Amino acid sequence: MQAFGLDIAIVRTRAGAVYAVEGKCPHRGGPLADGLIGGTTLICPLHAWKFDLETGQALFGECGIKTYPVRVDDKGHVLLTIDKP
Amino acid sequence: MKDKKKLVVIGNGMAGARTVEEILARGGGDQFDITMFGDEPTGNYNRILLSNVLNGSYREDEIYLNPLSWYRENDVTLLAGVRATGLLRRARLVFDEHGEAVPYDKLIIATGSRPFIPQMEGTYLADGAMKPGVFVFRSLEDCRKIAAYARGKKSAAVIGGGLLGLEAARGLQNFGLEVSVVHIGGHLMPAQLDPAAGEILKKSMESLGLQVLLKKNTKSILGADHVLGLRFADETALDCDMVVISAGIRANWEIAAGSGLTVERGIVVDDHMRSADDYNIYSVGECAQHRGQMYGLVAPLWEQAKVLADHITGRNPNAAYHGSKVATKLKVMGVEVASLGVSEPQQPEDEVIQFSDPKRGTYKKLIIRNGRLVGGILLGDISKAAYLMQSFDRNTPLPDERLGLLFDLGDPPQQVTFDEMSAATQICNCNGVSKGAIVACVQSGKRNAKAVMDATRAGMGCGSCKAMVREIVEWACGGMVEEDPSVHYYVPGVPLAKPDLIRAIQQHNLRSVSAVFDLLAGGKEDAASKPGLASLLKTLWHAEYEDEKDARFINERVHANIQKDGTFSVVPQIPGGVTSPAQLRRIADVAQRYHVPLVKLTGGQRIDLLGVRKEDLPKVWEDLGMPSGYAYGKSYRTCKSCVGSDFCRFGLGDSIALALKVEAEFQGFDSPHKMKLATAGCPRNCSEAMVKDVGAVAVEGGRWEIYVGGAAGSAVRKGDILCSASGHDEVLKYMGRFIQYYRENAKYLERTHAFVERIGIDRIRDVVVEDSEGIAERLDAEVAKSKAAYKDPWKEAYTSAVAKEYSPLLPVLS
Ligand SMILES: Cc1cc2nc3c(=O)[nH]c(=O)nc-3n(C[C@H](O)[C@H](O)[C@H](O)COP(=O)(O)OP(=O)(O)OC[C@H]3O[C@@H](n4cnc5c(N)ncnc54)[C@H](O)[C@@H]3O)c2cc1C
Ligand code: HEM
Ligand code: HEM
Ligand code: SF4
Ligand code: FES
């Protein structure tokens with residue numbers, strides 16, 4: 001989704017946890033919302049860079065993606081906290 | 001967790017710890033409370049690297065495989081520094097040296113071996129302690145003692161001219177000592193080399209400053225309260241300040257023998273690695289004796305650990321170890337040596353091929369029986385080792401051209417060696433990884449190719465550089481690569497090879513990817529393993545497969561190929577490259593209506609609409625009204641054809657009609673990797689059928705030759721002829737059987753060309769054409785089931801209400 005000019009990927013894991021992270025891969029801008037998820041690992045669909053959803057850290061190398069605090073309220077709305085850029 | 005069984009492991013070395021790892025990987029943590037006795041006070045470390053610790057190229061902390069934290073994290077109780085001294089089988093108790101008892105339900109004895117100390121006067125002091133200056137070389141503790149004593153000394157002797165003795169000698173040289181190797185036999189490294197090779201190795205060792213004394217039987221160690229020298233049986237003597245004894249090893253079997261288990265040279269085990277006498281007791285590693293054989297290298301022990309783990313966890317009650325073929329590649333003081341199987345001919349008809357160039361320190365010898373390799377020695381130049389070890393291991397027939405087995409003939413001049421290659425040379429162009437980065441990664445402790453690839457991403461793009469990355473890792477490890485067990489797994493996240501995985505899936509009736517993770521991977525999801533599992537499950541269960549969207553790669557989820565900007569490409573089915581004005585008109589209309597930026601003819605004789613936005617996909621498909629061409633899947637893609645006998649003046653067979661039937665037969669088949677097919681109307685092969693995954697080429701007499709395993713992508717390979725078939729129906733039958741055999745036996749992402757090379761065309765022909773395994777009928781039936789399960793995924797998508805899946809936007813509430 002896009003908000004405040006930011007691209008954000010919101011994903012739900014099989015275990016039911018919801019995460020919000022930067023939507024564009026730092027490698028070549030791959031759409032992370034279209035990635036594969038297993039446990040808390042997210043794999044970019046373009047060249048398979050891997051990130052940890054909890055920390056945003058790439059599983060190799062130094063770069064990472066931004067993570068955003070997120071929770072789901074009892075009506076099923078996904079609430080995100082974003083610092084306005 | 002009351003009903004967990006108690007598993008006790010005696011010995012926390014390379015075999016014991018690896019076996020526990022394998023057991024945990026099979027979900028054994030839920031079945032067992034695990035306790036390990038470890039005589040040594042530390043976690044498990046890589047014994048192979050001890051000589052590198054001794055020579056200073058590694059620090060102690062760099063060789064740990066399982067640091068103490070590993071035991072905590074995996075809930076394994078390690079009794080570090082505690083020696084097990086007794087075993088009471090009837091009560092199922094293990095006693096330690098203080099008499100404390102630990103109960104077990106299952107026991108694994110992995111006590112390894114200890115150095116053998118030959119009878120020599122003056123080895124021990126009167127009080128029974130070893131004389132100061134006498135050492136063995138087996139543990140980190142030994143390393144520390146040797147290093148501490150060597151400082152300030154002038155000379156050292158090593159008793160034993162085997163691999164370990166030479167390694168110890170190299171380590172000692174680094175302390176600035178004059179080192180002599182004293183060997184009782186007539187040549188060095190008798191376990192790996194013949195006399196001629198031993199002689200050449202001796203010359204190489206001497207040129208590196210080592211003194212080599214052969215046929216010397218050490219009678220006594222001189223010196224009253226510390227080492228002063230050695231005296232030999234021929235009454236000659238050698239002065240030295242210290243001595244390292246490396247005269248072979250003896251298995252630690254006392255604890256087993258003391259409780260009445262059968263022990264010969266080692267603890268006798270059956271094919272499950274279980275004691276011959278007690279079904280609750282297993283043994284693994286250097287202390288175990290299997291079919292009369294003992295192993296002193298790590299590679300066989302990895303295989304044993306897997307079998308043991310499969311069996312003890314019940315994952316595969318039929319798991320069986322059949323013994324290992326021993327082939328090693330090592331570096332002795334910088335000299336490269338490879339050795340496989342026997343070192344001398346054993347039977348009169350054995351063929352020996354030999355090359356010797358003592359001046360350059362090169363020696364090569366192969367022993368061939370019935371056209372297959374049964375043994376060999378390569379010394380100095382081991383450039384052919386990888387090829388030879390592979391054919392030894394797989395027992396494949398050797399080519400008639402024997403000279404080519406020893407040398408690269410007529411090939412372009414040898415590429416630069418890794419020593420010469422600059423650190424900045426880019427190895428992986430996809431991910432920009434240099435030779436220097438790979439070496440640094442190895443030095444940081446990643447000691448197998450997969451670990452290095454995971455850490456640096458080298459080889460993780462197109463994969464074309466993988467072989468080179470592997471070679472550099474081997475080179476940087478100095479030949480001491482650790483085998484990565486996961487290379488044999490079908491997917492990395494489930495520790496099973498494909499046949500075992502299939503058996504487990506069928507036995508437990510697992511129909512979804514999540515069910516497989518739950519049962520076979522200890523509940524641990526692995527993202528990278530999902531698409532491979534999804535593909536396999538679909539192949540196995542056909543229509544009964546329980547689809548889970550999260551298991552599919554984006555391409556398979558949205559039935560289109562993701563592009564670099566996140567848009568998709570749409571390729572409708574055009575079998576045989578045959579279309580019609582009406583179809584073309586519809587395609588043109590759709591391209592205009594949805595502002596498709598690029599319309600292009602593909603290599604597969606189809607039409608590609610590129611740059612379609614995700615949210616437009618369902619409408620595009622509906623307006624096209626054509627089925628998916630599967631241009632995105634790890635699946636059957638398409639079948640090209642040439643014009644064939646209908647129009648072409650050379651045509652011998654109707655290649656277009658055949659292509660249409662092929663498409664109707666195999667459309668939508670999932671497979672380990674993509675399959676591209678073609679049919680050609682004559683051997684002029686205009687549709688390139690001979691370089692397709694599967695191709696059919698018409699020949700005289702109404703027959704078709706079926707080619708399999710061709711490739712014309714990042715690898716180029718002409719296919720092998722599987723068989724010749726008469727008429728379209730027979731072509732379809734054999735194609736189908738091959739495809740199904742490939743689907744069931746290939747690793748995920750293994751293209752047919754690699755698969756055919758791995759299995760061998762003769763074997764495939766035996767199974768698929770001659771039906772040597774009696775499975776042809778079943779293969780045919782599986783093909784029929786997959787065919788019946790075909791549904792056009794596009795039609796399914798636009799006729800069901802899943803439009804939101806294709807939307808990138810959620811309503812923002814703010
Ligand atoms: C210097 C050196 C270099 C080597 N180089 C190579 C090489 O290049 N390639 C290769 O393939 N192999 C090499 N090897 C051989 C390889 O290290 C062994 O094959 C391997 O370690 C055997 O594993 P294991 O678990 O059977 O025995 P070990 O690793 O010896 O483990 C047995 C463990 O059990 C402990 N133990 C024994 N008895 C008891 C008891 N009663 N109670 C508690 N604990 C006990 C021991 O202290 C030890 O820690 C080398 C070995 C050495 C010493
Ligand atoms: C042998 C080396 C390489 C391999 C095997 C490789 C592989 C790939 C693959 C499989 C894709 C996805 C294509 C698709 O989805 O259609 C891709 C895309 C891409 N790669 Fe590479 N790549 C390599 C080298 C490089 C290098 C050196 C760069 C840049 C310096 C690079 C930049 C890109 C970019 C920008 C894309 C996305 C654009 C596109 O798909 O064309 N690649 N690459
Ligand atoms: C009588 C038999 C043949 C007929 C009727 C035939 C027909 C054609 C036609 C009509 C074209 C032009 C297509 C175009 O412009 O896209 C063509 C191109 C071509 N033909 Fe043939 N051809 C025949 C034999 C062969 C043979 C024997 C070969 C190869 C061994 C061959 C290889 C090619 C190639 C490589 C092209 C160019 C393809 C391209 O541009 O994409 N043709 N053929
Ligand atoms: S392969 Fe043979 S039949 Fe087919 S177009 Fe080429 S020449 Fe004609
Ligand atoms: S854009 Fe994400 S891995 Fe390349």
Whole-percent tail of the Cα-Cα distance distribution for the protein assembly as shown, cut at 38 Å, equals 54
When each pair of different Cα atoms in region B:655-814 is counted once in the 1/r mean, what is the Kirkwood radius in angstroms, to one decimal?
17.0
Per 5 Å bin, what is the whole-percent P(r) computed from every C-alpha pair distance within region A:2-80?
3, 16, 29, 26, 16, 7, 2, 0
Helix B:581-593 versus the longest principal axis of chain B: what is the Cα-based angle in degrees, 0 to 90, to the nearest 10?
70
What average count of beta carbons from other chains do you get within 10 Å of the Cβ of residues in B:525-532?
5
Per DSSP, the loop-located trypsin sites (Lys or Arg not before Pro) within region B:544-621 having at most 12 other beta carbons within 10 Å are B:LYS564
Across the alpha-carbon set of region B:9-153, Rg over Rh with Rh taken as the Kirkwood radius works out to 1.02
Cysteines not pairable in chain A (beta carbon separation under 4.7 Å absent)
A:CYS63
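With the cut-off at 19 Å, tell me which of the pairs A:LYS24/B:LYS795; B:LYS131/B:LYS153; A:LYS24/B:LYS564; A:LYS24/B:LYS466; B:LYS203/B:LYS359; B:LYS202/B:LYS331 have Cα atoms farther apart than that.
Long pairs (Cα-Cα over 19 Å): A:LYS24/B:LYS795; A:LYS24/B:LYS466.
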Under the 0.36 nm per residue contour assumption, what length would be gained going from the current alpha-carbon distance of B:ARG369 and B:LYS787 to full extension?
145.9 nm
Expressed as a whole percentage, what fraction of the accessible surface of chain B belongs to carbon and sulfur atoms when a 1.4 Å probe is rolled over the protein heavy atoms?
51
All lysines inside 23 Å of B:LYS640 as judged from Cα atoms, apart from same-chain residues fewer than 8 positions distant
B:LYS600, B:LYS661, B:LYS674, B:LYS676, B:LYS692, B:LYS718, B:LYS733, B:LYS787, B:LYS791
When the helices in chain B are scored as -39500 (n - 2.57) per DSSP H run of 4 or longer and the sum is shared across all residues, what 222 nm value do you end up with, to the nearest 500 deg cm²/dmol?
-8500 deg cm²/dmol
Whole number in Å², please: accessible area per residue of the protein assembly as shown, 1.4 Å probe, ligands, DNA and RNA not counted.
45
Specify the inter-centroid distance of region B:516-587 and region B:109-169, based on alpha-carbon positions, in whole Å.
61
Could you tell me what percent of the DSSP beta bridges with both partners in the protein assembly as shown are antiparallel, to the nearest 5?
65
Find the sum over both chains of the accessible area lost when B and A are paired, probe 1.4 Å, and report it in Å² to the nearest 100.
2000
Using a 10 Å cut-off around each Cβ of peptide A:50-57, what is the average number of partner chain Cβ atoms that fall inside?
1
If you add up the charges near B:SER69, with Lys and Arg at +1 and Asp and Glu at -1, over every other residue whose beta carbon is less than 15 angstrom from its beta carbon, what do you get?
-3
Mind giving me the nanometre distance, one decimal, between the label points for B:ARG585 and B:HIS322, set 7 Å out from Cα along Cα→Cβ?
6.3
Evaluate the Debye formula for chain B with equal point scatterers sitting on the alpha carbons, no solvent, and hand back log10 of I(q)/I(0) at q = 0.06 Å⁻¹, in q order, two decimals.
-0.49
May I ask for log10 I(q)/I(0) of region B:527-594 at q = 0.15, 0.21 Å⁻¹, from a Debye sum over the Cα atoms as equal point scatterers with solvent left out?
-0.72, -0.95
Quick check: the angle from helix B:498-507's long axis to the longest principal axis of chain B, C-alpha only, nearest 10 degrees?
70
Note: B:LYS795 to B:ARG703 extended length (0.36 nm per residue) minus current alpha-carbon separation gives 29.4 nm
To the nearest whole number, what is the average tally of beta carbon atoms from other chains within 10 Å of the beta carbons of peptide B:510-518?
1
Which percent, nearest 5, of DSSP beta bridges in chain B are antiparallel?
60
Förster radius 35 Å - calculated FRET efficiency between B:GLN443 and B:LEU125 (Cβ-Cβ, nearest 0.05):
0.25
For chain B, take the longest principal axis of its alpha carbons; what is the angle in degrees between that and the long axis of helix B:655-666, to the nearest 10 within 0 to 90?
60
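Roughly speaking, to the nearest percent, how much of region A:2-80's 1.4 Å accessible area is carbon and sulfur?
Details: 1940 of 3980 Å².
Here it works out to 49 percent.
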Would you mind giving the three semi-axes, in whole Å and largest first, of the ellipsoid equivalent to region B:737-797 according to its Cα gyration tensor?
25, 16, 7
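The values are calculated or read from the model by the stated rules, or taken from the named source; none is laboratory data. Keep in mind it's a predicted model, so treat the numbers as computed, not measured. Every residue, glycine as well, gets a Cβ built from its backbone with ideal geometry; the counts of neighbours run over all protein chains shown. The protein model used for the area step is the full one, side chains on, heavy atoms only, and it has no ligands, DNA or RNA in it. Shrake-Rupley method; radii C 1.70, N 1.55, O 1.52, S 1.80 Å.
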